[in-house]
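Colleague: Submitted below is the structure of interest, expressed as structure tokens.
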Amino acid sequence: MKKLAILLGAVTLFACKKDNYDPPASKLTGRVVYQGEPIQLEFNQVPFQLYQYGFGKVGPVSNTTFTQEGTFSVLLFDGEYKLIIPDNQGPFLWKKNGAGAPDTVVVNMSGNKELDLEVMPFYMIRDHQFSAAAGKVTGTFKIEKIITDAGARNVERVNLYINKTAFVSGNGANYSIASASISGGNITDMNNVSMTVTVPELVPAQSYVFARIGLKVAGVEDMIFSPIVKLSL
Amino acid sequence: MHTKNILYTALLAAIIIGAGSCKKESEFLDVQPTNIFTNEQALSDPAQALSILANLYSRQLDISTVKSWQSMADFSESFPSQNGGDLDIVRRTGWGYGSWSNWDYAYIREMNLFLERCEAAEKLSADDKKRFLAEGRFLRANFYFELTKRMGGVPLVLESMQYDYKGDPTYLQHPRAKEAEMYDFVISEAEAIKMDLPADASVKSRASRGAALAMATRAALYAGSIAKYGVNTPQVSLPGGEVGIPAAKANEYYTKALTLAQEIIGGSAGAYALYNYKSDLQENFAAIFYDKGNNPESIFIEDFKLKSGKVHGFTQWNQPRFGAEEEEGGRINPSLNLVQSFEKLDNTFAPLPVKDGNGNPVYYDNQLDIFADRDARLGGTVILPGSMFKGRPVDIWAGYILGDGGIITGDDRGQLKPLPGTTTPVQIVGFDGPITGKEHTAQSGFYLRKYLDPAAGSGSRGTGSEVPFIRYRYAEVLLNAAEAAYELGQAGVAVGYMNEVRKRAGLVIPLAAGDITFDRIVHERRAELSFEGHVLFDNKRWRRAHTIWDGVPLTEADLLSDIGAATKRNTQPWALWPYKVHNPGSVNHGKWTYKVLKSSLVTGTNRFLFGNYYSFINNDIRSNNPKIVKQPNQD
């Protein structure tokens, strides 16, 4: 019995040594930014992809998404990667190459690395301010149109979302408990937009909510957001 | 025996054996197997050829089918009343890019092989051969049509391919055809084979002229609407045309769709007609799907037969749970979203009268009264509270409502509790529910009626049902014609076809040509064809899928407004629960009232992304064949 245990132990020991690679250890982190300012996105919706060539396969080696705050992090093996944001993803334009395909950012990994990705958003939400009073949350903000050339797009609508948790957006019942909406055509002054939403009954009760503004660009799937603010009720 | 004789016998035997074994090597080894037919033998006899075809028939692909209740339960048209993984249908927040994808080129290869071998077969009569070949081509075209609906343009492989083992497989790699070429192929195949197929409305489980034309009219209509409405989603296209059809082609396809549909309507493909035999119009509508004997409506079906091994359990999965032949059922619970969309008999849309103008509850003597004066297809599609199945009433009610608005209910089917002021326990909730989280009860307040088999034993596991799944039927052909005519600006023609279908459903006040709008067309298809595998493909081709399934939770106000509007959001299934009033002394005591609600189990929303319009072609496929271009808007 003892011998068997030793034998098993030996087998396990060797198997670990021989069969396994070291896990990826180099951390690539960064943000998606416009003029240095991070772009606020929806949780788990806007993807970026890393490719590595030379293995006879197509498809990304990493296909994951930005956080709500527009940050990302991946653990990689050292080596050369190409990073893109796929077509028509995100509330912004990613630079294109001459052929109209998404241009790549070459990423050479050798140890940890930080990388900011500069993009052109259609709009930015500026000077957001939130207040909570009498069971209502009010948000005021400015909308700045960034892309004004032929690629410009209209605002489809803006929403004020509130949620019980720090994940706030419009899709799915888990990400907002209430929202107010103004369609783009009803916005008279882009420099002074104000919206109010009534806080529904919170079950179980809590004394705070999280709020943020979302802007939907016409014909673009992903919304651009303001930062998330925690409000005491 | 004498020694010498033994010797001679042995010698003789040796000679005989020796002579026998002196065959040439090739003859000796080249023995026909006794358990496998050669291609020639297999196609030497019509019955044998048909059995090969039968295998190919059985492998056709359907997005919704009676073989899987889950395949009909999605898109907020129903609530899945089964605990466990199937509840994901209402818990997830959208569909993966891989949803609905298919790449079954093994099947395509076998259809191509069949066509090649059948063509080469020498012993089949010319007539048999003609029909078999036409059937093979129909199956192949119909399958390519199905792939096109899901994937857009795919490699159009029309012959069996053989690898030459020389190390370079590039000659086997075919690029994706244009989406328009796929539809052109389906239409041209149908036109090429239609005269070789029987023009006989009684041929239903095999390809017929009607089936070929019905496939082609639907394909032309799809192509026309993708061309027309594709302009609303410019990003859902590929520069090579593998996805998307130029807008200029819309009219050509719509014209084709109308002509092909009119060929069926004109009767040249066989005596097809709307099923119209029963005076109870709801029963009549339900009977389209279970009456096999005398049904001029179905055109192409997947058939089932009792005691043959090919039966299905659809009735067993979806029958009203109470008193069923098996202790299960009730899985598909049609949503209030769908139920309230059925028109009133005066051709208007309205929510079910749960509350009056002042916001007070409305009370009904009978449970069914709230659904009175509606499109007969409502009761034909859905088992309503207070209605019957297999001659026995269903028991759908959520509890008692008291004078002060309080509710007495239970958490088990048919539970007993004493009512206030009494001590004798009485039943306080229906045996069919609805009870949240109690699987197989009518959690939306409704059960599905379409495809349920009224035959005895259909709900038991050991027997099963032989009700067919109808892939093409005459009412759809009429609606295809109506839509194509409407898009071509011929509202007068369109309204004629629409009214035929509506009249059968009890909507006898005819619509006028001016009443026909796009919204009407959209609604009519939903009312007539729900749970028949159209909801996804229709909304894809109209490029509305991303607007009606936009991921935003459906509020009660949204639900109850704009009924009948084509743009109406439909992201979560809602429920309508009946309550019995317990308020002794009140005029409403013993009456029924209803509540609109959304189940607490519905935590997800349906969100259809641009990248969902055409299903993902996985990276292995694209690695093996670099000529395959990627779908748009996916990551």
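The values are calculated or read from the model by the stated rules, or taken from the named source; none is laboratory data. On a predicted model such as this, the values are computed, not experimentally measured, just so you know. Note: ideal-geometry Cβ built from the backbone for every residue, glycine included; neighbour counts use all protein chains shown. SASA here: full protein model, heavy atoms, side chains in, ligands and nucleic acids out. Shrake-Rupley method; radii C 1.70, N 1.55, O 1.52, S 1.80 Å.
Colleague: If I go through region B:583-599 residue by residue, how many of them are open to solvent by less than 30 Å² (accessible area, probe 1.4 Å) and either within 14 Å of chain A (Cβ to nearest Cβ) or touching a Gly at 6+ places or on another chain (Cβ under 6 Å) (or both)?
Modeller: 1
Colleague: While we're on this one: What do you reckon, is B:Val602 away from chain A (no Cβ under 14 Å), in a loop (DSSP other than H, G, I, E, B) and either among the β-branched types (Val, Ile, Thr) or under 30 Å from B:Thr547 (Cβ atoms) (or both)?
Modeller: Judged against the criteria, B:Val602 is not a match.
Colleague: A further question on this structure: Cβ-Cβ distance below 8 Å, separation of 6 or more or different chains: which pairs start in region B:38-61 with a residue that is among the acidic types (Asp, Glu) and end on one that is loosely packed, with under 13 Cβ neighbours inside 10 Å?
Modeller: As it stands, the answer is B:Glu40/B:Glu122, since those pairs meet every condition given.
Colleague: Would it be correct to say that B:Pro553 is within 14 Å of chain A (Cβ to nearest Cβ), over 27 Å from B:Asn347 (Cβ atoms), open to solvent by 20 Å² or more (accessible area, probe 1.4 Å) and not in a strand (DSSP E or B)?
Modeller: The answer is yes for B:Pro553.
Colleague: Moving on. Take the residues in region B:155-205 that are within 30 Å of B:Lys292 (Cβ to Cβ) and of a type in the set (S, T, N, Q), then tell me which one is surrounded by the fewest Cβ atoms within 10 Å (Cβ to Cβ).
Modeller: B:Ser202
Colleague: From the list B:Pro626, B:Pro632, which one is at the interface with chain A (Cβ under 8 Å from one of its Cβ atoms) and in contact with a Phe, Trp or Tyr (Cβ under 9 Å, 6 or more places away or on another chain)?
Modeller: B:Pro632
Colleague: Oh, and also: Anything in region B:418-463 that is among the aliphatic types (A, V, I, L, M), farther than 16 Å from B:Tyr400 by Cβ and open to solvent by less than 20 Å² (accessible area, probe 1.4 Å)? List them, or say none.
Modeller: Answer for region B:418-463, where residues must be among the aliphatic types (A, V, I, L, M), farther than 16 Å from B:Tyr400 by Cβ and open to solvent by less than 20 Å² (accessible area, probe 1.4 Å): B:Ala442, B:Leu448, B:Leu452.
Colleague: Considering only strands (runs of 3 or more DSSP E) fully contained in region A:127-225, which possess at least 2 residues that are of a type outside the set (Gly, Ala, Ser) and within 14 Å of chain B (Cβ to nearest Cβ)?
Modeller: A:155-163, A:193-198, A:208-217
Colleague: Name the residue, out of B:Glu500, B:Glu524, that is surrounded by fewer than 24 Cβ atoms within 10 Å (Cβ to Cβ), part of a helix (DSSP H, G or I) and in contact with a helix residue (DSSP H, G or I) (Cβ under 9 Å, 6 or more places away or on another chain).
Modeller: B:Glu500
Colleague: Exactly one of (1) more than 16 Å from B:Glu483 (Cβ to Cβ); (2) part of a helix (DSSP H, G or I); (3) under 23 Å from the mean Cα position of the chain (by Cα) is unmet by B:Ser188. Its number?
Modeller: Only one criterion is unmet by B:Ser188, namely (3).
Colleague: Another question, then. Using beta carbons and a limit of 7 Å, which pairs, at least six apart or on different chains, have the first residue in region B:229-253 and within 12 Å of another protein chain (Cβ to nearest Cβ) and within 20 Å of A:Asp222 (Cα to Cα) and the second one of a type in the set (Ser, Thr, Tyr) and open to solvent by less than 20 Å² (accessible area, probe 1.4 Å)?
Modeller: B:Val236/B:Tyr613
Colleague: Residues that are among the β-branched types (Val, Ile, Thr), within 14 Å of chain A (Cβ to nearest Cβ) and surrounded by fewer than 22 Cβ atoms within 10 Å (Cβ to Cβ): does region B:558-572 have at least one?
Modeller: yes
Colleague: Search region B:605-623 for residues being among the polar types (S, T, N, Q) and either part of a helix (DSSP H, G or I) or surrounded by 20 or more Cβ atoms within 10 Å (Cβ to Cβ) (or both), and hand back the single one that is farthest from the other protein chains (Cβ to nearest Cβ).
Modeller: Going through the qualifying residues, I end up with B:Ser615.
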